[in-house]
1. Please determine, by comparing only the residues of segment 226-276 that are over 30 Å from residue 178 (Cβ atoms) and without any contact (Cβ under 8 Å) to a residue 24 or more places away in the chain, which one is farthest from the chain's Cα centre (by Cα).
2. Any idea how many residues of segment 48-79 are assigned to a loop (DSSP other than H, G, I, E, B) and of a type in the set (A, V, I, L, M, F, W, C)?
3. Spot the failing condition for residue 110; the list is (1) surrounded by fewer than 21 Cβ atoms within 10 Å (Cβ to Cβ); (2) of a type in the set (S, T, N, Q); (3) under 22 Å from residue 143 (Cα atoms); (4) within 16 Å of the ligand (Cβ to nearest atom), and only one is missed.
4. Looking only at segment 64-78, decide whether some residue is within 16 Å of the ligand (Cβ to nearest atom) and not assigned by TED's automatic domain parsing to the domain that holds residue 147.
5. Within segment 84-102, which residues are more than 15 Å from the ligand (Cβ to nearest atom) and not in a helix (DSSP H, G or I)?
6. Return yes when residue 81 is more than 30 Å from residue 259 (Cα to Cα) and in the same structural domain as residue 216 (by TED's automatic domain parsing) and no when it is not.
7. Based on what the data block shows, is residue 250 assigned by TED's automatic domain parsing to the domain that holds residue 75 and out of contact with any Leu (no Cβ under 6 Å at 6 or more places or on another chain)?
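The values are calculated or read from the model by the stated rules, or taken from the named source; none is laboratory data. Note that this is a predicted model, so its numbers are computed, not measured. Here Cβ is always computed from backbone atoms with ideal geometry, including for glycine, and neighbour counts include all displayed protein chains.
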Amino acid sequence: MSKFWSDVVHKLTPYVPGEQPKLDNLVKLNTNENPYGPSPKVIEAIKLATTDALRLYPDPNSDALKAAIANVHGLTAQQVFVGNGSDEVLAQVFQALLKHSRPLLFPDITYSFYPVYCGLYDIEYQAIPLAEDFTINIDDYDVPNGGIIFPNPNAPTGIPLALDEIERLLKINTQSVVVVDEAYVDFGTESAVHLINTYPNLLVIHTLSKARSLAGLRVGYALGAKDLIEALTRVKDSFNSYPIDSLASAGAIAAMQDKAYFKLTCSKVMASRDALVSDLTQLGFTVLPSGANFIFAKHQIKDGLALAALLRERHIIVRHFKLPSRIAPYIRITVGTDEQSKLLINALSELLI
Ligand SMILES: *Cc1c(COP(=O)(O)O)cnc(C)c1O
């Protein structure tokens, strides 16, 4: 607490990301990173961009990257906004599109960055409780609001919401922006991207951090009608002209273009997920249905906090959320390689006898 701080700083409750322990030989299953490296073409592209040209500013509009993203999704470059990780894109979205006199709606159990942005930008919000089985009930969102946001699949539950439910929401809710944060959509969940040309208030957020194995590069994007993208661009150009540096741009373009590698690694993660779910079930876990590269599981006897601590002693890091208490029995496990799953299952088998 300092007298030099602006008022807003005193009131902030910053987001706490999953830890990045500085230890070797960890089985790191706590922050939903991809266990496979990025496409070799990404590394090559970044190397090729590492030249004297780094003395120049990058393209402030990231035109080449937007074109590559638009191409993958069958949209125009005017329907794409890019930022330094989707967390930054989300920050611009909250400020540009979700700050209104009516409250923003999101699930009570969801990505915990959402309430943090509301604090930063002084946005009123209402947390809508998930159903008993942790699913999102669209009818609960049929109330006056200044915007709606949720991840699909949801985090940290991993539960996907069917596309026809999202379309039903868009039909009910036409007067405010609906943001679908599809950080994990490529691991078997249906994307809402192809509804963009039908619904002018739909904004879809993607990241290269998960399915494209580039959490370290910091690239994310928003897809939506031109008018929504323009609002984001106005905020961005009032904040930082160059959120995407030259190396990130080169790497991200290569990642978007290498569709074969992307498909291959996503299928491997999904196959490992299915195997992991079945092994955990055998060990007495209840696993929520996952459309993501992580699973949310609770054991019939051992509580989540205790399990996370015991695994940690064996150098296996998973994530536990104390709050809300409804999810305290669970642990969130990132799907790693089959080798990492084996280490996890072996450790759990020992712990649970
Ligand atoms: C990981 C994640 C993000 C942020 O991804 P970055 O692009 O790395 O900032 C956004 N939303 C959800 C739900 C996530 O899990």
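1. Filtering segment 226-276 down to residues over 30 Å from residue 178 (Cβ atoms) leaves 245-247, 250-251, 254, 258, 260-261, 264, 268, 271-272, 274-276.
Now restrict to residues that are without any contact (Cβ under 8 Å) to a residue 24 or more places away in the chain: 260, 264, 271, 274.
Working: 260: 22, 264: 20, 271: 20, 274: 20 Å.
Restricting to residues being over 30 Å from residue 178 (Cβ atoms) and without any contact (Cβ under 8 Å) to a residue 24 or more places away in the chain, the top hit is 260.
2. Keep residues of segment 48-79 that are assigned to a loop (DSSP other than H, G, I, E, B), which gives 50-51, 56-62, 74-76.
Retained after the next criterion (residues that are of a type in the set (A, V, I, L, M, F, W, C)): 56, 75.
The total comes to 2.
3. (1)
4. No: segment 64-78 contains no residue that is within 16 Å of the ligand (Cβ to nearest atom) and not assigned by TED's automatic domain parsing to the domain that holds residue 147.
5. Keep residues of segment 84-102 that are more than 15 Å from the ligand (Cβ to nearest atom), which gives 95-97, 99-102.
99, 100, 101, 102, listed by residue number.
6. Numbers: more than 30 Å from residue 259 (Cα to Cα): no; in the same structural domain as residue 216 (by TED's automatic domain parsing): yes.
The answer is no for residue 81.
7. Numbers: assigned by TED's automatic domain parsing to the domain that holds residue 75: yes; out of contact with any Leu (no Cβ under 6 Å at 6 or more places or on another chain): yes.
The answer is yes for residue 250.
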